[in-house]
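Take a look at the structure set out below.
The values are calculated or read from the model by the stated rules, or taken from the named source; none is laboratory data. Note that the structure is a prediction, hence the values are computed from the model and not measured. Counting neighbours? That spans all protein chains shown, and the Cβs are built from the backbone with ideal geometry, glycine included. Ligands, DNA and RNA are stripped out before the accessible areas are found, and what is left, the full protein with its side chains, is counted by its heavy atoms. Shrake-Rupley method; radii C 1.70, N 1.55, O 1.52, S 1.80 Å.
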Amino acid sequence: MQRRHIEALLALDGHRSLGVMGEEQQDRIQQSAQKEDTASQKRAAEYLEHIGEEEATRRAENLTNPNAYHPKHNPGGHDLDTCPVCGHETFCVEGLDPIFGRGDAPAG
């Protein structure tokens, strides 16, 4: 396939009744993100098992939010949320996806 063929397909895809390439790409991106999330949660669960519940609790109790919300000084900040792996209120995001509003670079 030559570049002009790809350009022609992309031009056709821009037509409102034919636009599927973008949807396919979004599906691949979402599937990849879900795989990454699953792998990340697995690593977190293994780490939690390694340090034990007592140490996890100690760390959760001593946690400070590096990106805490403040209406004047940090309006883009976020409150802590419950970590889906350990169940402690320790989940923190550095920012939100501008389109979907989901956190990026999460840490629990």
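Some notes on this structure:
- Enumeration of residues in the range 50-79 that are in a loop (DSSP other than H, G, I, E, B) and either touching a residue at least 60 places away in the same chain (Cβ under 8 Å) or loosely packed, with under 10 Cβ neighbours inside 10 Å (or both): N62, T64, P66, P71, K72, H73, P75
- Residue in the range 28-49 that is open to solvent by less than 50 Å² (accessible area, probe 1.4 Å), of a type outside the set (K, R), at pLDDT below 85 and farther than 18 Å from C92 by Cβ present: no
- Output for the range 1-23, where each listed residue is among the charged types (D, E, K, R) and either touching a residue at least 60 places away in the same chain (Cβ under 8 Å) or open to solvent by 100 Å² or more (accessible area, probe 1.4 Å) (or both): R3, R4, R16, E23
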